[in-house]
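The values are calculated or read from the model by the stated rules, or taken from the named source; none is laboratory data. No experiment lies behind these values; they were computed from the predicted model shown. Don't worry about glycine lacking a Cβ; one is built from the backbone with ideal geometry, like all the others, and counts go over all protein chains shown. All accessible areas refer to the heavy atoms of the entire protein, side chains included, with ligands and DNA or RNA removed. Shrake-Rupley method; radii C 1.70, N 1.55, O 1.52, S 1.80 Å.
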Amino acid sequence: MSRVLVAGATGYLGRHVVAELSRRGHRVRAIVRHRSRAEAPGACSAPPLSGSVDEWAVGDVTDASFTRDIADGVDEVISALGVTRQKADPWEIDNRANLAVLDSSLRFAVRSFTYVGVLHGDRCPARLTRAKTTFAQTLTASPMSERIINPTGYFSDMLDVLALARRGLVPLLRPHGRINPIHGADLARFCVDRMEGSDAGSWDVGGPQSLTWRDVALTAFEAAGRHPRILHVPERIAAPALRAVGLFSPRTADLGEFAVWGMVHDAIAPATGTRRLADFFAERTG
Ligand SMILES: NC(=O)c1ccc[n+]([C@@H]2O[C@H](COP(=O)([O-])OP(=O)(O)OC[C@H]3O[C@@H](n4cnc5c(N)ncnc54)[C@H](OP(=O)(O)O)[C@@H]3O)[C@@H](O)[C@H]2O)c1
């Protein structure tokens with residue numbers, strides 16, 4: 001049994017990580033912004049943290065006085081901390097806030113630091129992925145025993161396709177591009193396995209089904225009970241469209257660049273887990 005600090009504990013993945021740690025008998029210290037929100041069920045049926053957390057660390061990860069001693073008394077750290085849909089600069093959170101947690105972990109001689117990065121993060125030009133990859137490089141170069149997990153897309157992100165299918169039309173940039181998306185619970189198990197193992201290193205990981213984006217869309221239409229209508233959008237319009245969005249919202253354009261890059265490049269990683277996308281969609285529509 002270890003004492004584990006979880007950063008990003010309230011997110012889709014973080015909630016599954018906390019549940020998995022608790023199930024295995026580890027003691028969890030969870031970093032959260034609001035305890036009441038953390039104790040309620042999360043989005044996409046991610047579990048509530050109530051009953052799984054032994055110690056609450058309520059505060060702001062960008063506040064140095066909060067993060068300074070955050071790792072005091074823990075054996076391991078798992079970080080699923082990062083900006084997805086939150087309105088924040090990824091360099092502030094994915095990079096600098098994770099660095100602050102790492103600094104504290106080094107000061108308190110934590111045994112290992114498991115960090116959730118992103119598949120192909122070193123190739124995607126988006127600011128978001130550069131912030132993550134730069135942190136992963138710093139972690140690797142540090143004296144900390146690192147476990148860097150680079151997942152494909154999460155089932156939670158596939159819900160955008162389900163939402164479009166419900167409205168009756170799914171536009172796709174590259175229908176035959178492939179991805180093996182992963183359920184949060186399957187990925188959490190993989191992360192905790194790596195934490196419990198003795199090896200440092202870096203792992204790419206995805207779910208058990210290799211799907212085309214067209215398969216994802218058809219699965220969504222099936223769950224939504226709608227006749228499939230897929231619009232193949234030419235890749236060449238993505239760049240000018242993102243530039244136009246960037247004039248009004250650089251942050252949205254960067255998120256868009258990340259999403260577009262993920263669609264036009266295959267995202268296939270070694271498979272783990274058992275959960276299937278059709279069941280995940282069915283739970284939301286049935
Ligand atoms: N979603 C995907 O498909 C995908 C794929 C590959 C890698 N990843 C990476 O995996 C990690 C977890 O993803 P996820 O989908 O679980 O993300 P998520 O649901 O958005 O959770 C992110 C976590 O980071 C915290 N966070 C974000 N911005 C913050 C801010 N400004 N201040 C304080 N805390 C902040 C969130 O706190 P709040 O709950 O309080 O907002 C939450 O605990 C991320 O680093 C992401 O980049 C995601």
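Of note:
- Other residues with beta-carbon under 11 Å from the beta-carbon of Asp94 carry, at +1 per Lys or Arg and -1 per Asp or Glu, a net charge of +2.
- Segment Thr138-Phe248, length gained on full extension (0.36 nm per residue, minus Cα span): 36.4 nm
- Relative contact order (%) - the chain, alpha-carbon pairs under 8 angstrom, separation at least six: 18 percent
- Set against the 2.2 N^0.38 Å expectation for a compact globular protein, the range 33-93 has a Cα radius of gyration ratio of 1.24.
- 14 Å beta-carbon shell around Leu277, net charge (K/R +1, D/E -1): -2
- Cβ-defined net charge surrounding Leu49, 14 Å radius [Lys, Arg +1; Asp, Glu -1]: +3
- Heavy-atom accessible area per residue - the range 1-149, 1.4 Å, Å²: 43 Å²
- Shape of the range 162-286, Cα gyration tensor, a/c cut at 1.5: oblate
- Percentage relative contact order, the range 47-146, counting C-alpha pairs under 8 Å, at least six apart: 28 percent
- Of the residues Pro208, Ser198, His120, the one whose Cα sits farthest towards the positive end of the charge dipole of the range 120-256 is His120 (charges of +1 on Lys and Arg Cβ, -1 on Asp and Glu Cβ, taken about the Cα centre).
- Efficiency of FRET between Ala109 and His227 - r from beta-carbon atoms, R0 51 angstrom, step 0.05: 0.30
- Prolate/oblate/rounded label for the range 44-164 (Cα gyration tensor, a/c 1.5): oblate
- Inter-part distance where the range 83-128 and the range 1-46 are each reduced to a Cα centre, Å: 17 Å
- Derived scalar couplings ³J(HN,Hα) [the range 17-31; Karplus, 6.51 cos²θ - 1.76 cosθ + 1.60; whole Hz; x for Gly, Pro]: 5, 4, 4, 5, 4, 5, 4, 8, x, 7, 8, 10, 9, 10, 8
- 3J(HN,Hα) along the range 93-107, derived from phi through the Karplus expression 6.51 cos²θ - 1.76 cosθ + 1.60 where θ = phi - 60°, amounts to 9, 4, 9, 5, 5, 5, 4, 5, 5, 5, 4, 5, 4, 5, 5 Hz, with x in place of Gly and Pro.
- For the range 75-211, the relative contact order comes to 25 percent (Cα pairs under 8 Å, sequence separation of at least 6).
- With θ taken as phi - 60° and the Karplus curve 6.51 cos²θ - 1.76 cosθ + 1.60 applied, the whole-hertz 3J(HN,Hα) list for the range 50-66 is 4, x, 10, 9, 8, 9, 9, 10, 9, x, 10, 5, 8, 9, 4, 6, 7 Hz, x standing for glycine and proline.
- Fraction of accessible area attributable to carbon and sulfur, the chain (%, probe 1.4 Å): 52 percent
- The figure for Thr252 is an accessible area of roughly 80 square angstrom, using a 1.4 Å probe on the protein chains alone.
- Note on the chain: Kirkwood hydrodynamic radius from all Cα pairs is 19.4 Å, rounded to one decimal.
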